Amino acid sequence: MPIVEFETATGQHILINARREATSIFVDQKLTLNYDREGRLYSAWMDGRNYRRGLDNRVLEKQEGPRPGLSYRVRRELGPYEARQFLADAYARVVEYAAALNDPATRVVSNSSSGDAQTVRAALERVLACDLAQLERDRAIFNIIYKPINILPPDQYLALVLQATEGCSHNQCAFCGFYRDRKFHVKSLDEFKNHIRDVRAFFGGGICLRKTIFLADANALIIPQAQLLPLFDAINTEFAIHPIHCEGDALREWEAARPIHFEGIYSFIDAFTTRRKTARDFAELATRGLKRVYIGLETGDAELLRFLGKPNAPEDVIRLVGDVKAGGVAVAVIVLVGAGGEKYAAQHVRHTVNLINALPLAQTDLIYFSELVDHPRSDYSALLHEANIRPLTIGEIEHQMTLMRAGFRFANFDAAPKVSYYDVREFIY
Ligand code: SF4
């Protein structure tokens with residue numbers, strides 16, 4: 001890993017790590033800047049705050065909240081002027097660090113080889129070849145290639161997104177406003193191939209940062225199997241994806257022969273699809289790289305599901321998870337904490353715990369707690385107001401997660417699925 005560590009004439013301690021997929025700059029343990037191989041800033045850490053830049057040049061700031069607990073975290077999208085200033089500063093700093101590296105008064109601290117120093121200089125040049133004007137051009141192209149990418153699961157934030165569909169086939173859940181701006185559309189094979197070509201050209205060298213492929217939008221796997229398989233084949237023609245059942249040394253050898261590769265294909269799926277896929281269908285997709293599907297369970301309570309406008313019964317999720325797992329694909333089950341406010345709180349906890357405990361989950365699976373966030377385009381507030389229901393406080397939502405966690409009973413505790421937090425406010429692509 002080419003690393004150069006140096007101390008500037010003014011006493012700043014700087015470490016630059018130039019990996020193939022990204023360049024990271026660490027300054028005095030107070031500042032971190034991360035750029036992809038095309039020199040695009042994608043994340044930063046400054047003064048105890050985390051920043052993520054989206055490909056549309058929006059910047060999200062995140063910091064610890066007034067109390068411990070994930071729901072208390074403070075997130076904020078920088079205004080357009082502030083975001084511009086932030087990006088200008090992030091690039092101006094690199095000009096300064098690159099000059100310091102070439103300054104004879106700088107003291108090199110690490111024992112880096114001349115090859116490492118050269119690699120680091122080349123990485124800095126790539127960052128410096130990118131500037132605000134370039135990022136603006138990127139934004140314009142990004143907005144042509146993609147419909148807005150409003151949400152991905154937290155373990156997929158750095159996925160390479162391919163939109164096989166646009167929007168959601170249902171688009172009526174009361175709490176969800178992600179796709180209200182577009183009609184559901186399934187891309188033809190030709191459209192999808194063109195999309196892949198455009199995506200590839202747009203990311204350029206920055207594709208190295210992406211380790212997985214996410215097939216979007218909301219419910220891409222709703223596409224009938226005969227139409228879906230050629231789309232998966234098109235992805236496999238274009239990208240190297242970990243072969244099924246390949247592990248250990250064999251996998252390392254496979255990866256070494258393919259410097260740009262992906263761990264697998266991931267996608268959302270809903271339990272209400274009428275063209276339900278069978279275990280065999282999932283097995284066919286698994287051989288083409290499908291690794292995990294993300295299922296919006298929301299709640300195990302049938303009455304609350306109806307209240308939320310979700311058109312499936314809780315048992316549909318049990319059937320779906322059984323078929324997915326029998327096909328050799330992992331699942332992530334998403335629970336909507338806080339859903340239904342005070343009125344539904346007790347039954348939401350009880351029935352969700354029972355349903356989760358009825359699922360054949362294993363270590364490769366995930367359970368996400370996603371706090372219900374009132375989306376500006378959703379109908380949720382009006383629904384609560386009409387039904388005279390009090391929303392839960394942050395403290396009550398935290399308590400609901402604690403109760404659910406305490407109720408989970410996994411057959412094999414050592415091989416239990418990971419339980420994690422999913423905050424839609426922290427997403428930016
Ligand atoms: S929650 Fe899922 S199914 Fe419901 S509208 Fe949103 S994307 Fe569609």
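The values are calculated or read from the model by the stated rules, or taken from the named source; none is laboratory data. Keep in mind it's a predicted model, so treat the numbers as computed, not measured. All Cβ positions, even for glycine, are placed from backbone atoms using ideal geometry, and neighbour counts span all protein chains on display.
Before we move on, is Arg200 among the basic types (Lys, Arg) and modelled with pLDDT under 95?
no
Take Ile367 and tell me if it is part of a loop (DSSP other than H, G, I, E, B) and either within 24 Å of the chain's Cα centre (by Cα) or more than 30 Å from Phe203 (Cβ to Cβ) (or both).
no
Give the residues of the stretch 275-308 that are more than 25 Å from the chain's Cα centre (by Cα), closer than 20 Å to Leu336 by Cα and touching a residue at least 40 places away in the same chain (Cβ under 8 Å), sorted by residue number.
Those that are more than 25 Å from the chain's Cα centre (by Cα), closer than 20 Å to Leu336 by Cα and touching a residue at least 40 places away in the same chain (Cβ under 8 Å): Asp301, Ala302, Glu303, Leu304, Phe307.
Exactly one condition in (1) within 16 Å of the ligand (Cβ to nearest atom); (2) touching a helix residue (DSSP H, G or I) at 6+ places or on another chain (Cβ under 6 Å) is not met by Ile244; state its number.
(1)
Restricting attention to the stretch 35-72, which residues are assigned to a loop (DSSP other than H, G, I, E, B) and free of Cβ contacts under 8 Å to residues at least 60 places away in the same chain? Spell out the reasoning first.
Pass one, the stretch 35-72, residues assigned to a loop (DSSP other than H, G, I, E, B): 37-40, 47-48, 54-58, 64-69.
Within the stretch 35-72, Asp47, Gly48, Glu64, Gly65, Pro66, Arg67, Pro68 meet the criteria.
Kindly list the number of the only condition in (1) surrounded by fewer than 23 Cβ atoms within 10 Å (Cβ to Cβ); (2) within 16 Å of the ligand (Cβ to nearest atom) that fails for Val293.
Of (1) surrounded by fewer than 23 Cβ atoms within 10 Å (Cβ to Cβ); (2) within 16 Å of the ligand (Cβ to nearest atom), only one is false for Val293: (1).
When you scan the stretch 252-266, do you find a residue that is at pLDDT 95 or above, surrounded by 16 or more Cβ atoms within 10 Å (Cβ to Cβ), at negative phi and within 16 Å of the ligand (Cβ to nearest atom), even just one?
yes
Quick one: in the stretch 208-234, which of the residues that are within 28 Å of Asn34 (Cα to Cα) and touching a residue at least 60 places away in the same chain (Cβ under 8 Å) is surrounded by the fewest Cβ atoms within 10 Å (Cβ to Cβ)? Before you say what the answer is, go through the steps one by one.
In the first step, residues of the stretch 208-234 are kept if they are within 28 Å of Asn34 (Cα to Cα); the result is 208-217.
From what is left, the residues that are touching a residue at least 60 places away in the same chain (Cβ under 8 Å) are 208-209, 212-214, 216-217.
Numbers: Cys208: 18, Leu209: 20, Thr212: 21, Ile213: 27, Phe214: 24, Ala216: 26, Asp217: 27.
Top of the filtered list is Cys208.
Sort through Ala332, Ala346 and tell me the only one that's among the hydrophobic types (A, V, I, L, M, F, W, C) and farther than 30 Å from His245 by Cβ.
Details: Ala332 fails: farther than 30 Å from His245 by Cβ.
Step by step, each of Ala332, Ala346 is checked, and only Ala346 is among the hydrophobic types (A, V, I, L, M, F, W, C) and farther than 30 Å from His245 by Cβ.
Could you pull out the residue among Arg93, Arg75 that is touching a residue at least 40 places away in the same chain (Cβ under 8 Å) and either in the same structural domain as Ser370 (by TED's automatic domain parsing) or not in a strand (DSSP E or B) (or both)?
Arg93
Answer yes or no as to whether Ala362 is touching a residue at least 12 places away in the same chain (Cβ under 8 Å), of a type in the set (Gly, Ala, Ser) and loosely packed, with under 15 Cβ neighbours inside 10 Å.
On the way: touching a residue at least 12 places away in the same chain (Cβ under 8 Å): yes; of a type in the set (Gly, Ala, Ser): yes; loosely packed, with under 15 Cβ neighbours inside 10 Å: no.
Spelling it out, it is not the case that Ala362 is touching a residue at least 12 places away in the same chain (Cβ under 8 Å), of a type in the set (Gly, Ala, Ser) and loosely packed, with under 15 Cβ neighbours inside 10 Å.
Across the stretch 168-223, what is the number of residues that are more than 16 Å from the ligand (Cβ to nearest atom), outside any helix (DSSP H, G or I) and over 21 Å from the mean Cα position of the chain (by Cα)? Spell out how you get there, then give the answer.
Filtering the stretch 168-223 down to residues more than 16 Å from the ligand (Cβ to nearest atom) leaves 187-213.
Among the residues that remain, those that are also outside any helix (DSSP H, G or I) are: 187-188, 210-213.
Remaining after also requiring over 21 Å from the mean Cα position of the chain (by Cα): 187-188.
Residues meeting the conditions: 2.
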